[in-house]
């Protein structure tokens, strides 16, 4: 196939990717957008196969194996496990870039000018960090192999700087002396260690930021591979993904009022347990029962549910749907208030609630629901903690000071469904639990919601 | 494509990305991540070329064994990139259907 034709096909693929992402601007057009993106990928693959000078055995073997694994994962994955899946996909994107750049380095007919060589080194470093960082993120989210808590040690930042410096030095050696291929793999190995150390130092609840950032890296790795091959569709697609990940990273950081550097290198792990828990809670926490909660809900006209990671852990989304349906059928206005960092990845709560058939126009963003919070009769906090902690507004010394929260404390009554009074990820007590208008419903999220629903139905 | 052209494409694509993606509502952020993951599977283009490389255009001869190391690395890359592309688009589709059905 003539190269002009191939490049035009790549251009069409790139345009389809852009249109596909544009389609995601509304749930109505999103399905079609995703299909356009897939069509773009299909076109890119077909023209590449048709370019000539290729033998197909290994290509098809790879496509068959990869498709089988991809289809299996896509069909079998539970919606609550989406953060893990996205984490591992980020990693696969990274390792593919490492391998393609490595293959290009050993390719005996490739040209060894400066641009591809620098790009090979960049692909190898970014890709390896992405792959191993994503594996650690996967482990943290899945609860295998690595602890959910941040792993910290003295001098850790120095170690990371040395590793980064080391991989850049080795990258420069690859560029200066491309014949020594083993340098490339040593470089990738050092970047791998850096990837592990970067993510292992970050706690579970900061995963939304990390996944978004690794998402961005996987795009940048693909773009770097595009520079290796001088291929515009790789550069465009990689830049789109890189931009997407950066935007999400920024949104997540803003939603916690923390800088990216603070999430990556400081974090809540460094903050000691705050004293005075007893002073805040002693004698002021009021317990309630599912029956009492049901009675309160019966007389409410506007209810807001605030889900958090606890809803995902308890798999409570379907029980929540039953509660939603029952209350709606009684003429109660029910909405969901979604904090940007609720859950373990951007949009995590929305996907779970969509899975449970909650209409997306009932999912209200924090900034849109806060102004009317005073008119809410009952706010139900389900498995969320730090994102509803009023200390963020009142105590400038608190680790979450300035973090935007959902103002549930301004509702007439707050029902907090939680296993215990244990602190959230930030490790600080939540005065909301002791507030005059707050009632604690201790127990498993799913079971408590189910008991409220059955109490409502009996009444 | 020379370096400056590649850099131009890169810079412009980043701007397009920012424009398009800031319009994605938070409710679709998870499908955005899995969908953009699928798009980063575009590395498959490079992977295919590496996995299938068998003819040296300069020598115009067909090498039956190809270039074993390049081909092998390419094969592994094809596997990973295909998982990304196929799995990414499919799981995104599955999620978006859930958002759609209550429309």
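What follows is calculated from the coordinates using simple rules that are stated; it is not laboratory data. A quick note: this is a predicted structure, and the numbers were derived from the prediction, not measured. Ideal geometry is used to build each Cβ from the backbone, glycine not excepted, and the neighbour counts take in all protein chains shown.
Angle check, please: helix A:207-229 long axis (alpha carbons) against the longest principal axis of chain A (alpha carbons), in degrees 0 to 90, nearest 10. The two axes meet at around 20 degrees.
Put simply, when A:78-86, A:28-36 are sorted by average Cβ atoms within 10 angstrom per residue, most first, you get A:78-86, A:28-36.
In percent, rounded to a whole number, the relative contact order of chain A is 14, using alpha-carbon pairs under 8 Å and six or more apart.
Take peptide A:338-349, look around each residue's Cβ out to 10 angstrom, count Cβ atoms belonging to other protein chains, and average those counts.
Numbers: counts 2, 1, 2, 0, 0, 1, 0, 4, 7, 12, 2, 3.
Average per residue, whole number: 3.
Within a 10 angstrom radius of each residue's Cβ in A:247-257, how many Cβ atoms of other chains show up on average? Whole number is fine. Walk me through the numbers on the way to the answer.
On the way: counts 8, 8, 0, 1, 3, 1, 0, 0, 1, 0, 0.
So the per-residue partner count for this stretch is 2.
The C-alpha atoms of chain A define a longest principal axis, and helix A:3-23 lies at about 10 degrees to it.
In degrees, nearest 10, range 0 to 90: what is the angle between the Cα axis of helix A:232-255 and the longest Cα principal axis of chain A? That works out to roughly 30 degrees.
From Cα pairs below 8 angstrom and at least 6 apart in sequence, can you work out the relative contact order of the range A:77-269, rounded to a whole percent?
Values: 322 pairs, mean separation 53.2, N = 193.
Contact order relative to length: 28 percent.
Residue by residue along A:117-124, Cβ atoms of other protein chains within 10 Å of the local Cβ number 1 on average. Site pair residue A:285 and residue B:3 shows an inter-label distance of 6.2 nm when each label is modelled 7 Å from Cα along Cα→Cβ. In units of the rule-of-thumb radius 2.2 N^0.38 Å, the protein assembly as shown shows an alpha carbon radius of gyration of 1.03.
Computed packing ranks the peptides A:339-351, A:130-142 as A:339-351, A:130-142, most packed first, by mean other Cβ atoms within 10 Å. Ranked by the mean number of other Cβ atoms within 10 Å per residue, highest first, peptides A:412-425, A:229-242 order as A:229-242, A:412-425.
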